[in-house]
Amino acid sequence: MSGPIEVAHRESSVLRISVRTAAILLAFTLVFTALMAGTYKATEPMVAASALAEKLRLIGEVLPPGQYDNDLMADAITLPPVPALALDDETRLWRARRNGVPVALVFEAAARDGYSGRIGLILAVNANGRLLALRVTSHKETPGLGDYIDPKKDKNKALPWIAQFSNMGFDSVPPKKWRVKKDGGRFDQMSGATISARAVTNASGRALAWAMENRDKLFALPPNSRFEEKEP
């Protein structure tokens with residue numbers, strides 16, 4: 001049987017080991033945190049530059065740089081979560097101009113009713129109210145079936161499905177016809193994958209209508225200001 005002195009010695013040893021282990025873990029945590037913070041600071045400019053390059057790439061797909069001469073990144077405003085655009089978070093809207101004259105609005109929208117959920121979009125609407133081009137930025141549609149909404153996945157490279165929206169406006173396709181043909185509208189859909197096409201078509205129509213309704217105010221707001229919708 002261990003005596004009191006031996007028990008106390010053993011408990012003291014256990015305590016010393018526990019304290020030393022805790023100190024080592026604390027030191028490791030502090031060093032690891034410092035390294036992570038340093039790495040983040042070091043890579044932050046690269047990450048920001050990469051994000052900017054990707055944003056410019058997407059914008060360039062719907063609005064070629066040759067169509068405007070201003071700095072899009074500087075001539076932008078903040079949009080709140082706009083119901084017509086089906087966006088839950090703040091986004092940026094970019095104004096394109098040439099010689100100071102409004103050329104186009106570039107902004108994001110979404111369709112919440114895709115076959116597999118949310119479909120992200122980016123579109124350019126010119127000052128005359130025409131949808132210059134539309135692109136899908138994110139989706140989870142079924143590969144090989146509904147993913148043709150993304151021109152990178154569309155097998156028809158010469159004339160991808162989404163190209164049919166280019167240079168379309170309500171003057172050529174009335175709002176009641178801004179639907180897929182299966183719903184009595186103007187736009188094609190792929191057999192067996194109507195839901196994806198319907199979601200993108202309806203979302204683009206809502207976004208175009210919103211841009212036309214608000215374009216004067218959107219172009220007039222000072223750079224880096226915030227757009228506020230009218231109270232209903």
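Bear in mind these aren't lab numbers, they're just calculated from the coordinates by the rules spelled out. From a predicted model like this one, the values you see are computed outputs, not experimental measurements. Positions of Cβ are generated from backbone atoms using ideal geometry, with glycine treated the same way; all protein chains shown enter the neighbour counts.
Contour minus end-to-end for E90 and K182, with contour as 0.36 nm per residue of separation and end-to-end as the Cα-Cα distance? Can you show the working numbers first?
Numbers: separation 92, 0.36 × 92 = 33.12 nm, distance 3.38 nm.
Extra length from E90 to K182 when fully extended: 29.7 nm.
Kindly identify segment 171-232 as rounded, prolate or oblate by the Cα gyration tensor criterion: order the square roots of the eigenvalues as a ≥ b ≥ c, call it rounded if a/c is under 1.5, otherwise compare a/b with b/c, prolate if a/b is larger, else oblate.
Details: a/c = 3.27, a/b = 2.50, b/c = 1.31.
Because a/c hits 1.5 or more and a/b exceeds b/c, segment 171-232 counts as prolate.
Assuming R0 = 41 Å, can you tell me the calculated FRET efficiency for the pair N128 and S191, based on Cβ-Cβ distance, to the nearest 0.05?
With R0 = 41 Å, the Cβ-Cβ based efficiency is 0.75.
Which shape class, rounded, prolate or oblate, goes with segment 135-203 when its Cα gyration tensor gives a ≥ b ≥ c as root eigenvalues, a/c under 1.5 marks rounded, and past that a/b bigger than b/c marks prolate? Don't jump to the answer; show the numbers that get you there.
Values: a/c = 1.93, a/b = 1.51, b/c = 1.28.
It comes out prolate by the Cα gyration axes.
Once amide H atoms are built 1.01 Å from N in the peptide plane, which residues 5 or more positions from M73, or in another chain, come under 5 Å H to H?
none
Under the Karplus relation 6.51 cos²θ - 1.76 cosθ + 1.60, θ = phi - 60°, what is the ordered set of whole-Hz ³J(HN,Hα) values for segment 165-170, x standing for Gly and Pro?
8, 5, 6, 9, x, 6
Using Cβ contacts closer than 10 Å as the measure, can you line up T29, T201, T142 from fewest to most?
In order of increasing Cβ crowding within 10 Å: T29, T142, T201.
Karplus couplings for segment 67-82 from phi (6.51 cos²θ - 1.76 cosθ + 1.60, θ = phi - 60°), rounded to Hz, Gly and Pro as x?
8, 8, 10, 9, 8, 4, 5, 7, 9, 10, 10, 9, 9, x, x, 8
Explain nothing, just compute: Karplus ³J(HN,Hα) = 6.51 cos²θ - 1.76 cosθ + 1.60, θ = phi - 60°, for every residue of segment 135-151 in order, whole Hz, x for Gly and Pro.
Taking θ as phi minus 60°, the curve returns 9, 8, 9, 7, 5, 10, 5, 4, x, x, 10, x, 7, 5, 5, 9, x Hz for segment 135-151.
P(r) for segment 63-220, please, calculated from all Cα pair distances in 5 Å bins and given in %.
All Cα pairs, binned at 5 Å, distribute as 2, 9, 19, 22, 20, 15, 9, 4, 1, 0 percent.
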